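Nothing in this text is a laboratory measurement; each read-out follows from the coordinates by a stated rule. Small disclaimer: the values here were computed from a predicted structure and weren't measured. All Cβ positions, glycine included, derive from the backbone under ideal geometry; neighbour counts span all protein chains shown.
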Amino acid sequence: MGVLVTVTSTTSTTSAKSTVSSALLGAVRWRLIGYVVAIAATTVAGLLTPALVADAANTAIAGGEILGVTVFLAAVLLGGATAEIAAALLGAACAAQGTLRLRNRLARHLLDLGTVREAGAGDTVSRLVYASSEAANAPVAVAGGLVSITGALAGLVLLWTIDPVVGLAFTVLMPLAVLVSRRFLQQVTDVQGRYLTTQSLIADRLIGALTGIRTIRSAGTVQDESRRILAPLGDLSATGRELWSVQRAMMWRLRLVVPACEVAVLAVGGWKVATGRLDAGALLAILGYMTIALAGFDQIDTVLGLGQARAAVKRLADGLKQRPIAFGDGATPAGPGRVEFRHVSLTRAEHPVLVDVTLDIPAGSSVAVVGRSGAGKSALVHLLGRLADPGDGTVLLDGVAVDALRRKDLRAAVTYAFEAPDLFGKTVLDTIRCGADMPIEQVVAAAVAADADGFIRRLPDGYATTLAEAPMSGGELQRIGLARAFARAARVYVLDDATSGLDRATQERVRRAIATAWSGRTRLVVAHHVRTAEECDLVAWLVDGRLRACAPHRELWADAEYRALFGADSDDGEQAS
């Protein structure tokens, strides 16, 4: 039950919810069974107690010996208390284990999605951290609710057994409590879902702002950005108040139904005792079973928790509906690294990012990909390593479509260095190795080529310094990312704005190292500086997702629109040209 199938883009919401439920039940199955047994034992002890109290009362009134029934009553109460403690511990264990399983499942799915996930970072974190813990409470909430309702029905049956008229007085008002609870569950699920969505929106905006905080500070737009991030806070507050309002409405409705049931039962029972049709012990039993029966329909906290869990399950199911990239089973073909984009198009959120791009990149050449912000530069180079897939068209590596290649083969053939590389692993050495088995000498040589060896050796433990103890600037992070790329003997290297955070002197040293280390290797470079474009063999110029031209930099420089791409750098380019 714990093994999950891959969720495709055509998977229905119901199927995705079933996937979440299967993962959850597979993780907590045995603990959940123990929880159900413990809470059932608590319920049985509760059902036995009124009868034993009634027996003890009648025995005492008759002047009989009550030691035996008192000892039995104490044993039942002690057993019930022990079972209740066990249920609490097992319920907490179920929630913890379920949270772990759901987070692992969602994390694996996100890793399979890679950069093609539709949700933003904040929304993803919200689902991974908050929704998973809320959803993990669902099995315990459902099991606890079912056992409580079963106990309540048993209490109602025993009321009828003691006296049918008393049972009827209670039963008449019971459907009203059921309707109130059902309506409350529907409302809580809806409101909680909107609360989580708004919360994720704020988290998305905050993470995006923190990623670009240097740009925001330099532009002097911190206050504007703060207002933009917190704009949905009013909606979040309103949704939170609505949740309290729904809960308040549930409370007063149940607080009317419950006393009405109590009054009806006590009136009938008291009248029967007064007329001699019931004894005092029976009245005590009626009071006990009425309390048990009412408890099953006065589960405000349980219903609230179940509604929140349902909303969280839906959020997780939505996150699992997106189809991960499916890799082929073919090996990388022999070849020098020729890259072809054949009529590729890409659309995101109904917005065309790339439109019918056809581009041939000769093996061993260096190509600068240029264009204004939003032109599709990163999107284009991401298609080669299948960090995203085109909606239409084909990308080929040495004549073979990249979607036919095995994941490990494609990753070995195409290596990336990014503007803001993610660092993982325990130490600096681990993050440069990136899971590969390579000698320390190879790592150091790569760091030297990336101009990173100097600042790494100044860290407390050099290459063995843990990432937590190695604070780095944006430029230093980029050099670590470049070292990670230098350390690999790939067929094609992709630099996605990977030197933007370096000063000019460092950029020059890194460019010389790239020219030396990757000489004869195919290179795609997302470029913003005229110097980078000038040093490449070809320049692929994108405009609004379309390939405007592909030619050497010197030929394109005659076009004023092309020169305008580089802004202040155009003066340097004019002198160089």
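Things worth noting here:
- Normalised contact order of the chain, rounded percent, pairs of Cα under 8 Å and 6 or more residues apart: 15 percent
- Largest first and in whole Å, the equivalent-ellipsoid semi-axes of the range 425-577 read 33, 16, 13, each the square root of five times a Cα gyration tensor eigenvalue.
- Likely footprinting exposure, Leu179, Leu106, fewest C-beta neighbours within 10 Å first: Leu179, Leu106
- Likely footprinting exposure, Glu508, Glu134, fewest C-beta neighbours within 10 Å first: Glu508, Glu134
- Helix 67-113 and the longest principal axis of the C-alpha atoms of the chain enclose an angle of approximately 20°.
- Fewest-first ranking of Tyr416, Tyr130, using other Cβ atoms within 10 Å as the exposure measure: Tyr130, Tyr416
- For the range 339-576, DSSP calls about 55 percent of its internal beta bridges antiparallel.
- Efficiency of FRET from Cβ geometry, Leu168 and Gln223, R₀ 60 Å, rounded to 0.05: 0.35
- Here Lys426 is the anchor, and the lysines within straight C-alpha reach of less than 28 Å, apart from those fewer than 8 places off in the same chain, are Lys408.
- Proximal aspartates and glutamates to Lys272, defined as alpha-carbon separation beneath 14 angstrom and excluding residues fewer than eight positions away on the same chain: Asp163
- Phi-derived couplings, Karplus 6.51 cos²θ - 1.76 cosθ + 1.60 at θ = phi - 60°, listed residue by residue for the range 463-470: 5, 8, 5, 5, 4, 5, 9, 10 Hz, with x used for Gly and Pro.
- Extension gain, Arg554 back to Gln442 (0.36 nm per residue minus Cα-Cα distance, nm): 36.7 nm
- Förster radius 22 Å - calculated FRET efficiency between Ser373 and Leu423, Cβ distance, rounded to 0.05: 0.30
- In this structure, Arg241 and Arg183 have a Cβ-Cβ separation that, at R0 = 30 Å, corresponds to a calculated FRET efficiency of about 0.95.
- Rounded to the nearest 500, the helix-only mean residue ellipticity at 222 nm of the chain stands at -20500 deg cm²/dmol, with each DSSP H run of n ≥ 4 adding -39,500 (n - 2.57).
- Mean Cβ count within 10 Å, highest first, over the residues of peptides 47-53, 243-249, 394-400: 47-53, 394-400, 243-249
- Gained length - Ala81 relative to Ala515, 0.36 nm times residue gap less alpha-carbon distance: 148.7 nm
- With 20 Å bins beginning at zero, the pair-distance distribution over Cα atoms of the chain amounts to 16, 37, 24, 15, 7, 1 %.
- Simple rule: put +1 on each Lys or Arg Cβ and -1 on each Asp or Glu Cβ in the range 339-576, find the dipole, and look at Ala404, Val539, Ala436; the Cα lying farthest toward the positive end is Ala436.
- Diffusion coefficient, µm² s⁻¹, Stokes-Einstein with Kirkwood Rh over alpha-carbon pairs of the range 505-562 at 4 °C and 1.567 mPa s: 103 µm²/s
- To the nearest ten degrees, helix 300-320 and the longest principal axis of the Cα atoms of the chain are 30 degrees apart.
- The chain - share of DSSP beta bridges that are antiparallel (%, nearest 5): 50 percent
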